[in-house]
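Step one of this worksheet: look at the structure below.
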Amino acid sequence: MLKIHYLTCSKPLLFLTFAAKYKYMSNRTFTMIKPDATAKGHTGAILDQILKAGFTIKAMKWIQLTEKQAGLFYDIHRERPFFQELVDFMSSGPIVAAVLEKDNAVADFRTLIGATNPAQAAEGTIRKRFAASIGENAVHGSDSDENAVIEADFFFSKLERY
């Protein structure tokens, strides 16, 4: 798994090698359809909305995370009070993990999914349509190109991506 500190390496050649290897990620992002949305049967409707917004799917899998896997994925939040609740929720049922492609993918996808709190999400966004609460907010979307790489690498080998 790639670490963020690798991206901020002070050796320009190393960074340029990294940038060249992952240049495609500027137009790719990572998403998960969370257990609440899969349990309610919203997977197809969410994927349909993603595709209609101009994204293409470059990798996708249906999987149920173990508690350990969910903890590793959300390790950045380990010290926060909601960590264990998040881990329990994310390991409570199947998720759909996917790598999506579109120009300006990260920003456009964040707009498509809407605010974390569905009550504050814009009309028509995925979270406004399918999320029940801040905790059960239907989907995850990467917040940066760098995190899109890290998150995609957590779920997919290079051979699993188109």
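Every number in this text was worked out from the coordinates using simple rules, so none of it is lab data. Given the structure is predicted, the values throughout are model-derived calculations rather than measurements. Note: ideal-geometry Cβ built from the backbone for every residue, glycine included; neighbour counts use all protein chains shown.
I need the peptides 77-85, 125-133 ranked by packing, meaning the mean over residues of other C-beta atoms within 10 angstrom, with the highest value on top.
Values: 77-85: 11.4, 125-133: 20.0.
In decreasing order of mean packing, 77-85, 125-133 become 125-133, 77-85.
Have a look at 149, 82, 109 and report the one farthest towards the positive end of the charge dipole of segment 58-162, computed about the Cα centre with Cβ charges (Lys/Arg +1, Asp/Glu -1).
Result: 109.
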